[in-house]
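Okay, structure first, notes after.
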Amino acid sequence: MDWLCEIQYLKGVGPKRAELYGKLEIETVYDLLHTAPRTYLNLTRPLPIADCPLNEPCAVVAVVAKKSPAQRIRGGMTLYKIRVTDGSSDMTVTYFNSQYAADKLKEGEQYLFFGKMTGNLLRREMGSPLAEPLEAAGGLYPIYGLTAGLTNRIVQSHVKNALEQALPSLEDPLPERMRTEYQLCHLTYALQNLHFPAGEQELEIARARLAFEELLLFQLGMAKLSEDREEPSGIRPENRDLGAFYAALPFALTGAQRRVIEEIAGDLGSGKRMNRLVQGDVGSGKTMVAAAAAVMLCQNGWQAALMAPTEILAEQHFRSLAPLFEQLGMRAGLLTGSMKKREKDEIKRALAAGEVAFVVGTHALIVEDVAFAKIGLVITDEQHRFGVKQRSRLGSGGEEPPHTLVMSATPIPRTLALMLYGDLDVSVIDELPGGRKAIETYLIDAGKRERAYGFIRRYLDEGRQAYLVCPLVEEGENGLVSVEEYYKEAVRGPFAGYRVGLLHGKLPAKEKDRVMRAFAGGELDVLIATTVIEVGVDVPNAVVMLIENAERFGLSQLHQLRGRIGRGEYQSFCILVSDHRAPETRERLKFLCKSTDGFQIAEFDLQQRGPGDFFGSRQSGALRFKVADVFSNMEMLRQAREACQGLLREDPELEGYPLLRRLMERFFNGFVG
Ligand code: ADP
Ligand code: MG
């Protein structure tokens, strides 16, 4: 079996479940095998109920003694209570609203329960534990990150099938020489032990090997991306004077913006191909830096393209930049997928004829096979949404490969950025535009929500706008309100009479666009949304953001979200709502109230929670490693870098390593968000 084949063809999967796997970003059999279980239960050491420490996650083996009838409780929720016993003590297992979880447990049967033990010494409770039928106990039992419809058992059986079918013919992409040098086990051993570890040590060996492979693929991809960096470039704009551009701006650029523009100007004048990553916190003004770079090329007769990850962002950039280019006597254009064919044809014609100097677009720029008259620079905004391959395709129309510039708001601590992007040049915009008032952030209990609503209404009445953000809720998740329900209550209650929009990922793309546009155009007062608003949206009139269940988000993610406000002249406010009492959670959220520095926040997050959660669950595809943990594995990252360089010295095109090459390309195309 080709293990890069689609997951739906694996025994027992089929198209329906393949769709569910899609939600977990598992597309192929390879992905499934390389998806590390979220955690493992140590079945060699389940504890007696009475011995479990309170308020800590524990594994317990117990028999279901009695299931109480479902109870309706406040807020329209249903509580399921189940007595279980381990022979000498009892505990109560509770589930809120999850009939499915409760029904699964049969009286008289034995299960492994995994969850946080609460209650007191006399009455023990476990809320919403994971419950698994006890099969062959012993060893480490894998628990996968699940989605509705894929139980742990189902995933496990699929993994088993995949191992059975794939392992016999499995070729190891890493050459034996490399495995020996870095003391890495064979792929067969690694996959076997990742999913069904013989013990903790075996698991460590397996993980190390897979992590190394991932980091190597990443490094190879980065090297490919930047391999032509040292190449001479004939695209050398002589006139890099930006006086007219600066004069056309409605504000003065910050020192950091100017410095980064200088760095870019240096690249463009160097006679070598530019390949630069610009990192800058949300709101640091990356767009203007991109525009400055484009101007330098366009005023010398080349064309420049700016690719944005969504249509909304592309239009936003176009709206703010087109007038600037016009003032400078140049024409800017827009190309997105949803434009009419006639409009697309016209802009394509104008680009091919060289009449349009600067084009903003989505990846329609790639799919539409745009031919440029003289492309000199390709800029990608929020790079992780695009694959390397796609990006390089955009340039291939011209005779000379264009310079590339990548803008990213992902706050990667600097040392790590250098390690990861070592072969790219990195610029950092480490200053926010002056005169901007720092966002004030507050943490409140749900009990104060009504007052917060009142506060928000005051600003709406003054003509400002607000975001209300809800976490993404899977159906039937305990005690949490979905964004749709939240919306319904908001328009009936606290925001009756206001213009309220709803935005979430499951809406059709057209509808999403419509809502976002209405909000950006001031036709809506309030936008109720999930994290889909996270990237890049710029509505300076929006000054309040209230985030429900703030504890459910990663700090860096909260920071990104918060970056949607505080983008204009007005004082902005971020209100975090959370009833979580855990000291660690409070500390985390309070840190966000104190700091508005993305890098500082990233470092804190890293220290407190570990790298696993660093980027939030969905935030960044740029560093979406499945096994590798780049933050605690700096040494391994260094080794992978060394191995990568060795490999490329010996065989720059990886002709002798077709499998490695294929995986690398796949790994990078997997970037697409
Ligand atoms: P990001 O780095 O998050 O992409 P943007 O480029 O979208 O930030 O800029 C955020 C907002 O700040 C925009 O409304 C932009 O016009 C404005 N802005 C950018 N640079 C400056 C500056 N130097 N002074 C004042 N406002 C600026
Ligand atoms: Mg931006």
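The values are calculated or read from the model by the stated rules, or taken from the named source; none is laboratory data. These figures come from a predicted structure and were not determined experimentally. Quick reminder, even Gly has a Cβ in these numbers, built from the backbone with ideal geometry, and neighbours come from all protein chains shown. Accessible surface areas use protein heavy atoms only, side chains included; no ligands, DNA or RNA. Shrake-Rupley method; radii C 1.70, N 1.55, O 1.52, S 1.80 Å.
Before moving on, here are some points about what is shown:
- In the context of the full set of protein chains, residues of the stretch 520-589 present 28 Å² of accessible surface per residue (probe radius 1.4 Å, heavy atoms only).
- Peptides 344-352, 521-529 ranked from most to least packed by the mean count of surrounding Cβ atoms within 10 Å: 521-529, 344-352.
- Accessible area per residue, Å², the stretch 205-291 with all protein chains present, probe 1.4 Å: 34 Å²
- Packing order of peptides 182-190, 236-244, highest average first: 182-190, 236-244 (average count of other Cβ atoms within 10 Å over each peptide's residues).
- Cubic angstrom per residue, convex hull over Cα atoms of the stretch 183-304: 168 Å³
- By a 1.4 Å probe calculation restricted to protein chains, E440 has an accessible surface near 70 Å², given to the nearest 10.
- Taking 7 Å steps out from each Cα toward its Cβ at A65 and L648 produces label points 6.4 nm apart.
- For the pair E440 and R349, label points projected 7 Å from Cα toward Cβ lie 5.6 nm apart.
- In this Cβ point-charge picture (+1 for Lys and Arg, -1 for Asp and Glu), the chain has a dipole of about 1860 debye about its Cα centre.
- Once the convex hull of all Cα atoms in the chain is built, its volume per residue stands at 162 Å³.
- Debye equation applied to the C-alpha atoms of the stretch 261-368, log10 I(q)/I(0) at 0.22 Å⁻¹: -1.31
- Rolling a 1.4 Å probe over the heavy atoms of the protein chains gives the stretch 45-108 an accessible area of 55 Å² per residue.
- Rg/Rg_globular for the stretch 90-142, with Rg_globular taken as 2.2 N^0.38 Å and Rg from C-alpha atoms: 1.20
- nm² value of the averaged projected area, convex hull over the Cα atoms of the stretch 298-346: 3.7 nm²
- Ellipticity estimate at 222 nm from DSSP helix runs (n ≥ 4, -39,500 (n - 2.57)) divided over the chain, nearest 500: -11500 deg cm²/dmol
- Pairs of lysine residues in the stretch 89-228 - Cα separation under 29 Å, sequence separation of 8 or more or cross-chain: 5
- Pair-distance profile P(r), taking every C-alpha pair of the stretch 541-583, with 5 angstrom steps and integer %: 6, 23, 28, 21, 12, 7, 2, 0
- Between E431 and E584, the contour length at 0.36 nm per residue exceeds the Cα-Cα span by 52.1 nm.
- Placing +1 on each Lys and Arg Cβ and -1 on each Asp and Glu Cβ, with no other charges, gives the stretch 168-314 a dipole about its Cα centre of roughly 600 debye.
- The accessible area of W302, taken with all protein chains in place and a 1.4 Å probe, comes to roughly 40 Å².
- Those Cys residues of the chain for which no other cysteine Cβ falls under 4.7 Å: C5, C185, C298, C470, C574, C593, C644
- FRET efficiency, 1/(1 + (r/R0)^6) with R0 45 Å, evaluated for K116 and E523 via beta carbons: 0.50
- With every protein chain in place, the chain: carbon and sulfur % of accessible area (1.4 Å): 50 percent
- Antiparallel bridge percentage (DSSP; both residues within the chain; nearest 5): 40 percent
- Computed about the Cα centre, the dipole magnitude for the stretch 1-130 is approximately 660 debye when only Lys and Arg (+1) and Asp and Glu (-1) carry charge, each at its Cβ.
- Surrounding net charge for G255, when Lys and Arg each add one and Asp and Glu each subtract one, Cβ distance under 12 Å: -1
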